[in-house]
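The values are calculated or read from the model by the stated rules, or taken from the named source; none is laboratory data. Everything quoted here is computed from the prediction, not taken from an experiment. Please note: Cβ atoms are built from the backbone with ideal geometry, for glycine as well, and neighbour counts cover all protein chains shown.
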């Protein structure tokens with residue numbers, strides 16, 4: 001089964017946000033060795049989530065793993081993203097579309113926070 005990873009960001013009106021998301025996509029592709037890795041935004045930027053799914057399916061993905069770069073399990077995670085995915089699953093009945101957990105509270109993120117504190121201390 002050909003699996004794709006779709007890194008999902010919130011999106012922003014600030015142009016540098018999409019560039020950062022694309023860098024995450026490149027890093028995930030390098031770290032995972034997965035052939036199909038792309039990015040999408042929930043709001044504001046393109047590709048949006050439906051377009052991102054369409055992009056990876058057009059590259060032959062039979063399974064799409066959506067990885068949300070969200071800290072909290074808020075409304076986007078509980079309602080908005082699942083609603084979009086339910087609509088997309090109807091469009092692609094032969095493709096398995098799954099949502100990974102959000103980043104949540106993770107000690108690896110604390111390490112980054114501490115690095116940022118050290119940078120300005």
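Table for the structure above
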read-out: Hits in the range 51-83 (condition: touching a residue at least 40 places away in the same chain (Cβ under 8 Å) and in contact with a helix residue (DSSP H, G or I) (Cβ under 8 Å, 6 or more places away or on another chain)); value: 53, 64, 66, 67, 68, 69, 70, 81
read-out: Residue selected from the range 52-67 under the condition closer than 22 Å to residue 27 by Cβ and more than 11 Å from the chain's Cα centre (by Cα), by the criterion surrounded by the fewest Cβ atoms within 10 Å (Cβ to Cβ); value: 59
read-out: When residues of the range 2-18 are limited to those that are on the phi < 0 side of the Ramachandran plot and in contact with a strand residue (DSSP E or B) (Cβ under 6 Å, 6 or more places away or on another chain), the one surrounded by the fewest Cβ atoms within 10 Å (Cβ to Cβ); value: 3
read-out: Filter pass, residue 28 being touching a helix residue (DSSP H, G or I) at 6+ places or on another chain (Cβ under 9 Å) and either at pLDDT 95 or above or part of a helix (DSSP H, G or I) (or both); value: no
read-out: Of all residues making up the range 84-98, the number that are surrounded by fewer than 10 Cβ atoms within 10 Å (Cβ to Cβ) and farther than 17 Å from residue 60 by Cα; value: 1
read-out: Residue 37, sole failed condition from (1) in contact with a helix residue (DSSP H, G or I) (Cβ under 8 Å, 6 or more places away or on another chain); (2) part of a helix (DSSP H, G or I); (3) over 16 Å from residue 10 (Cβ atoms); value: (2)
read-out: Filtered residues of the range 73-97 (kept if in a helix (DSSP H, G or I) and either farther than 13 Å from residue 54 by Cα or within 14 Å of the chain's Cα centre (by Cα) (or both)); value: 75, 76, 77, 78, 79, 80, 81, 82, 83, 84, 85, 86
